[in-house]
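Take a look at the structure set out below.
The values are calculated or read from the model by the stated rules, or taken from the named source; none is laboratory data. The structure presented is a predicted model; accordingly, all values stated were derived computationally and were not measured. Positions of Cβ are backbone-derived with ideal geometry, glycine not excepted, and every protein chain shown enters the neighbour counts.
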Amino acid sequence: MNLRAAPPSHSTSLVRLPSLPSHGRPRHPDGQGVVVIGATNRPTLLDPALLRPGRFDELIYVPVPAPEGRAKILRIHAADMPLGDDVDLDEIAQKAEGYTGADLENLVRRAGLLTLREALKNGAVADGSATVSMQRFEQALAETRASVTPEMETEYRKLAEKLKQESPRGQRIGFAIGDGIG
């Protein structure tokens, strides 16, 4: 079976692997183990049959980043951006509760675009003097929202705890990695 072959255009996103046994460790025809990795930001929408004990060796719950993690993510995305002297990424991180990495990337991009629009109006683009100010980050925060609400995070934590209790080995299923990136 060629796993790299493109599926027919009418196939669903779920691919059947007939060479995998229904019990024991899955093996590829060449004798190597098979690793399947998946990710979702909406675990409550998964088919419950997929989450039954024994289906996966590990299910890892990664919470939204804590303030320190959010600050690191902001620094990564703002690294090549000319920031004004007034910009405090730690303060922005504190205000961005519930923001995921993608949300923070969007926030930085939006602050940059707001600055670019203003610079185009004022002619500051030509001389390269435009910098992204704290005001633009504040405006970007006002125009964006966290994709994970406190209610969703509570629901995800409960699901992670439930999966941890249902683990056949009682370990590493649904556990949280710290309190976020930090």
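May I ask you to say which residue of E151, E161, E138 is at pLDDT 75 or above and touching a Gly at 6+ places or on another chain (Cβ under 8 Å)? Explain how you work it out, then say what you get.
Numbers: E151 fails: touching a Gly at 6+ places or on another chain (Cβ under 8 Å); E138 fails: touching a Gly at 6+ places or on another chain (Cβ under 8 Å).
Sole residue among the options that is at pLDDT 75 or above and touching a Gly at 6+ places or on another chain (Cβ under 8 Å): E161.
Yes/no per residue for (1) touching a strand residue (DSSP E or B) at 6+ places or on another chain (Cβ under 7 Å); (2) farther than 16 Å from G101 by Cβ; (3) in contact (Cβ under 8 Å) with a residue 12 or more places away in the chain:
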residue: G38; (1), (2), (3): no, yes, no
residue: P43; (1), (2), (3): no, yes, yes
residue: D47; (1), (2), (3): no, yes, no
residue: L51; (1), (2), (3): no, yes, yes
residue: G54; (1), (2), (3): no, yes, yes
residue: L59; (1), (2), (3): yes, yes, yes
residue: V62; (1), (2), (3): no, no, yes
residue: E68; (1), (2), (3): no, no, yes
residue: K72; (1), (2), (3): no, no, yes
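The residues of the range 114-142 that are polar (S, T, N, Q) and buried (at least 18 other Cβ atoms within 10 Å of the Cβ), listed by number, are T115, S133.
Give the residue, chosen from L50, L113, L120, L107, that is among the hydrophobic types (A, V, I, L, M, F, W, C) and under 24 Å from E161 (Cβ atoms).
Values: L113 fails: under 24 Å from E161 (Cβ atoms); L120 fails: under 24 Å from E161 (Cβ atoms); L107 fails: under 24 Å from E161 (Cβ atoms).
Being among the hydrophobic types (A, V, I, L, M, F, W, C) and under 24 Å from E161 (Cβ atoms) holds for just one of L50, L113, L120, L107, which is L50.
Within the range 101-118, is even one residue at pLDDT 80 or above, aliphatic (A, V, I, L, M) and under 30 Å from R55 (Cα atoms)? Spell out how you get there, then give the answer.
Filtering the range 101-118 for residues at pLDDT 80 or above gives 101-118.
Now drop any that are not aliphatic (A, V, I, L, M), which leaves 102, 104, 107-108, 111, 113-114, 116.
Remaining after also requiring under 30 Å from R55 (Cα atoms): 102.
Yes - at least one qualifying residue is present in the range 101-118.
Within the range 119-135, work out how many residues are in a loop (DSSP other than H, G, I, E, B) and either at negative phi or at pLDDT 85 or above (or both). Qualifying residue count, the range 119-135: 4.
Scanning the range 26-66 for residues that are under 18 Å from the mean Cα position of the chain (by Cα), of a type in the set (A, V, I, L, M, F, W, C) and modelled with pLDDT of 75 or more gives I37, A39, L45, L46, I60, V62, V64, A66.
Within the range 90-113, the set of residues being hydrophobic (A, V, I, L, M, F, W, C) and surrounded by fewer than 19 Cβ atoms within 10 Å (Cβ to Cβ) comprises A102, L113.
Would you be able to tell me the number of residues in the range 32-75 that are outside any loop (DSSP other than H, G, I, E, B) and surrounded by 13 or more Cβ atoms within 10 Å (Cβ to Cβ)? Reasoning before the result, please.
Taking the range 32-75 and keeping what is outside any loop (DSSP other than H, G, I, E, B), we get 33, 43-45, 48-51, 59-61, 67-75.
In the following step, the residues that additionally are surrounded by 13 or more Cβ atoms within 10 Å (Cβ to Cβ) were identified as 43, 51, 59-61, 67-75.
Qualifying residue count, the range 32-75: 14.
In the condition set (1) under 16 Å from R145 (Cβ atoms); (2) touching a Lys or Arg at 6+ places or on another chain (Cβ under 9 Å); (3) not small (G, A, S), H77 is compliant with all but (1).
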